[in-house]
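Notes follow the structure.
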Amino acid sequence: MARSDLIGGSIWDAYSQKVQDLMNNPQNMGEITEEEAKEKGLKLIVADFGAESCGDAVRLYWAVDESTNIIKDAKFKSFGCGTAIASSDTMAELCVGKTVDAAVKITNIDVEFAMRDNPDTPAVPPQKMHCSVMAYDVIKAAAASYKGVDAESFEDEIMVCECARVSLGTIKEVIKINDLHTVEEITNYTKAGAFCKSCIKPGGHEDREYYLVDILKDTRAEMEMGKMSALADAKIAGSESELSFDDYTMVQKLKAVEAAIDKDIRPMLVMDGGNLEILDIKDTDDGNTDIYIRYLGACSGCASSSTGTLFAIESVLKEECSPKIRVLPI
Amino acid sequence: MRVYLDNNATTIVDPKVFEIMEPFFVQSYGNPNSLHQFGSESHPALRDAMDQLYTGLNAKDADDIVVTSCATESINWVIKGVYFDHIVNGEKNHIITSEVEHPAVIAACKFLETLGVQVTYLPVNEKGVVEIQTLKDSITDKTALVSIMWANNETGMIFPIKEMAKIAHEYGALFHTDGVQAVGKIPVDVQDVDVDFMSFSAHKFHGPKGVGGLYIKDSQPLTSLLHGGEHMGGRRSGTLNVPGIVGMGKALEIAVENLDFEKNTVKRLRDKLEDEILKIDGMLVVGDRDERTPNTILVSVKGIEGEAMLWDLNKHGIAASTGSACASEDLESNPVMEAIGAEADLAHTALRLSLSRFTTEEEIDYAVLVLRKAVIRLRSISSTFSYKPDWHESKL
């Protein structure tokens, strides 16, 4: 929340002049009939996308020259808000003169960009971006009809966020490379979830197959698994020392600490009639690893247990495992 | 020409109301709680205003009508106050309301749910009205409060709150009604309906924005929402909004005087508009006009999305509203639209027109012309309300 969010602006205030003009006077609105297409020797394609129950529907008409696969004429009809009508009009216009394969490459981002008054100002407010997505979807449906294939075959990546066109692959990669922990970070890095917000979690404006909250959880779990298997591989290859203590899982950390204590600490305590046991290991929020120990035998009650002996234990572990270790006797 | 047909959202301040408020800004501007004359000179007008409120709602002297900042505040006060008084101590654990209440009621109830309170949201039938049987089926002796609106803001449909209040009392529950859309449009007599609490708001009956009230039967206890000074009998703190209170009192007086006008003239104009609308193909009006407030029409315009409809109307100077998801800031579909009936497209094609006593015949005639033009233009663009040739295979 900040000053600019306090007084809700009208959605219409944020429409570009182009969007408003197209809403008032759509340029490519209409139909192409079978007769008209035949007269010009063109193939008529009609595709529908959306439905009244979703609040957005569009029908696209193409007249295609079969010898060149070029779309000679495109018309649209639309049930939807101002943005939907303006987007559909722009989309139809962008199709004309392109081959079917080129038209399939038109995305909702192209459509929105074409509706801007100047390159820096979005044509519509963020929550309206999804209206232009329909434009892209109906082109796919038209192309599929023309080629006689399934519309899905045109999508070579799974789109998680349709508004910003961010794929599942991209999101996972960004999470891994940048070690992201929250959905907000994903949005900041990729813009996924910044517009209609349907892809963030279930219960939004539209249902989605993939949600950011799930992708984040699954990807982080994959990363944890990745760490563990990397450590296991390193052990087998004998290159364990290349991995740092801080990347270990809790169990691996415990084993490493036990090993260090057994090697360099326990023998000396036992010699003096004492010992120690590890009670717990905890990773703290500020990046340290706390080891909780209990002294046994002669050590317990000895004055050194909180001074010299403690320092010795800590410095051994700091050197052999990680400088981020703290030892806390209980 | 500018025609305002969105009176359920807010209303113009009656010039007589504006006039009576004026002296209290730069002439009699003292704090009424001060001892000196600057403070006391507003007292007579304040007393008159309170008289107007009590008379206008037919409250008795033993009742409280506490002035608040708005109905949202009154609603929050009742719901949270009942929580503090009867639920926190374990005496009761249940609240009943409906799916079509104003967001203030729904949000306050949802908030209480996070604190562990059970809330039942009664469904509505296809006219958008809560049926009494549904209340009987869900009320128990652990129900602390039943909150049902007197008239719905989207549809104008009037709810059977007198019978519902009776049922609530039989089970030892309190009854609150959101009277915002009823006050000033239909006769409101709090003694007749015997409710415990009623919320209302000045800017819905030609009073100023920023002032409302809560009627409290027999001055019964209700833990305060706003603690502080001794204002409003110690029930609701905050320096009295003198001009607002004076305005609200006068606005209510005028509104009650004009209830016959509402029932006759405003209804006649509303019915005329509705009849003209029904002459157009593919228009579905929600609910029986005699069961609604006399100023409201909610119509589904087949093949045209709500925001697009408003755009065209606005272009020609006409103000209306829609419950369409696309028209709201957060894209959330209006729950009233979803709750009403099986027609899923009402959520996207709804158009709400709401008149007032200031609406003229000329304005209605103009609105009809504009509406017809807009429907023709937008349906020519529409992909869903037109003949579909049967040789193309794509599915909707």
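Listed here are the residues, each with its yes/no results for (1) of a type in the set (A, V, I, L, M, F, W, C); (2) crowded, with 16+ Cβ neighbours inside 10 Å.
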position: A:219; (1), (2): no, yes
position: A:259; (1), (2): yes, no
position: A:262; (1), (2): no, no
position: A:268; (1), (2): yes, no
position: A:276; (1), (2): yes, yes
position: A:279; (1), (2): yes, no
position: A:295; (1), (2): no, yes
position: A:300; (1), (2): no, no
position: A:325; (1), (2): yes, yes
Item checked: Residue list for the range A:22-38, filter: more than 9 Å from chain B (Cβ to nearest Cβ), of a type in the set (A, V, I, L, M) and under 37 Å from the mean Cα position of the chain (by Cα) -> A:22
Check: Restricting the search to the range B:186-203, which residues are out of contact with any strand residue (DSSP E or B) (no Cβ under 7 Å at 6 or more places or on another chain) and of a type in the set (D, E, K, R)?
Finding: B:189, B:192, B:194
Check: Any residue at all in the range B:55-76 that is assigned to a helix (DSSP H, G or I) and surrounded by fewer than 18 Cβ atoms within 10 Å (Cβ to Cβ)?
Finding: yes
Margin query: Take residue B:246 and tell me if it is assigned to a helix (DSSP H, G or I), more than 14 Å from chain A (Cβ to nearest Cβ) and out of contact with any helix residue (DSSP H, G or I) (no Cβ under 9 Å at 6 or more places or on another chain).
Written below: no
Next item on the list: Scan (1) within 26 Å of residue B:26 (Cβ to Cβ); (2) part of a helix (DSSP H, G or I) for the single condition residue B:237 breaks and write down its number.
Entry: (2)
Margin query: Suppose we filter the range B:285-308 for residues that are among the basic types (Lys, Arg) and touching a residue at least 24 places away in the same chain (Cβ under 8 Å); how many remain?
Written below: 2
Notebook entry, point to check: Just for the range B:137-166: of the residues that are assigned to a helix (DSSP H, G or I) and in contact with a strand residue (DSSP E or B) (Cβ under 8 Å, 6 or more places away or on another chain), which one is surrounded by the fewest Cβ atoms within 10 Å (Cβ to Cβ)?
Noted result: B:138
Notebook entry, point to check: If you scan the range B:167-178, which residues turn out to be out of contact with any Leu (no Cβ under 8 Å at 6 or more places or on another chain) and part of a loop (DSSP other than H, G, I, E, B)?
Noted result: B:171, B:172
Notebook entry, point to check: Residues B:284, B:273, B:298: which one is more than 14 Å from chain A (Cβ to nearest Cβ) and in a strand (DSSP E or B)?
Noted result: B:298
Note to self: Going by what's in this entry, would residue B:274 be described as at pLDDT 95 or above and loosely packed, with under 14 Cβ neighbours inside 10 Å?
What the structure shows: no
Next item on the list: Tally the residues that are surrounded by fewer than 24 Cβ atoms within 10 Å (Cβ to Cβ), more than 9 Å from chain B (Cβ to nearest Cβ) and not in a strand (DSSP E or B), restricting the search to the range A:47-94.
Entry: 6
Next item on the list: Just give me the residues in the range B:91-108 being assigned to a loop (DSSP other than H, G, I, E, B) and either modelled with pLDDT of 95 or more or crowded, with 19+ Cβ neighbours inside 10 Å (or both), in sequence order.
Entry: B:91, B:92, B:93, B:100, B:101, B:102
Next item on the list: Would you point out the residue of the range A:6-21, among those that are within 19 Å of residue B:309 (Cβ to Cβ) and within 11 Å of chain B (Cβ to nearest Cβ), that is surrounded by the fewest Cβ atoms within 10 Å (Cβ to Cβ)?
Entry: A:10
Check: Out of the range B:23-53, which residues are more than 19 Å from residue B:67 (Cα to Cα) and assigned to a loop (DSSP other than H, G, I, E, B)?
Finding: B:27, B:28, B:35, B:36, B:41
Checklist line | Residue check, residue A:101 over 29 Å from the mean Cα position of the chain (by Cα) and either more than 8 Å from chain B (Cβ to nearest Cβ) or in a helix (DSSP H, G or I) (or both) | finding: no
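This table checks each residue for (1) hydroxyl-bearing (Ser, Thr, Tyr); (2) closer than 26 Å to residue A:177 by Cβ; (3) surrounded by 11 or more Cβ atoms within 10 Å (Cβ to Cβ); (4) in contact with a Lys or Arg (Cβ under 8 Å, 6 or more places away or on another chain).
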| residue | (1), (2), (3), (4) |
| --- | --- |
| A:231 | no, yes, yes, no |
| A:255 | no, no, yes, no |
| A:311 | no, no, yes, no |
| A:314 | no, no, yes, yes |
| A:321 | no, no, yes, yes |
Note to self: One residue is enough: does the range B:34-41 have a residue meeting the conditions over 20 Å from residue B:193 (Cβ atoms) and buried (at least 16 other Cβ atoms within 10 Å of the Cβ)?
What the structure shows: yes
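Table: residues versus (1) touching a Gly at 6+ places or on another chain (Cβ under 7 Å); (2) at pLDDT 70 or above.
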position: B:307; (1), (2): yes, yes
position: B:328; (1), (2): no, no
position: B:332; (1), (2): no, no
position: B:359; (1), (2): no, yes
Checklist line | Filter result (under 20 Å from the mean Cα position of the chain (by Cα) and of a type outside the set (Val, Ile, Thr)) within the range B:111-145 | finding: B:121, B:122, B:123, B:125, B:126, B:127, B:128, B:131, B:145
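The values are calculated or read from the model by the stated rules, or taken from the named source; none is laboratory data. Because the structure is predicted, anything quoted here is derived from the model rather than measured. Using ideal geometry, Cβ is built from the backbone for each residue, glycine included, and neighbour counts are taken over all protein chains shown.
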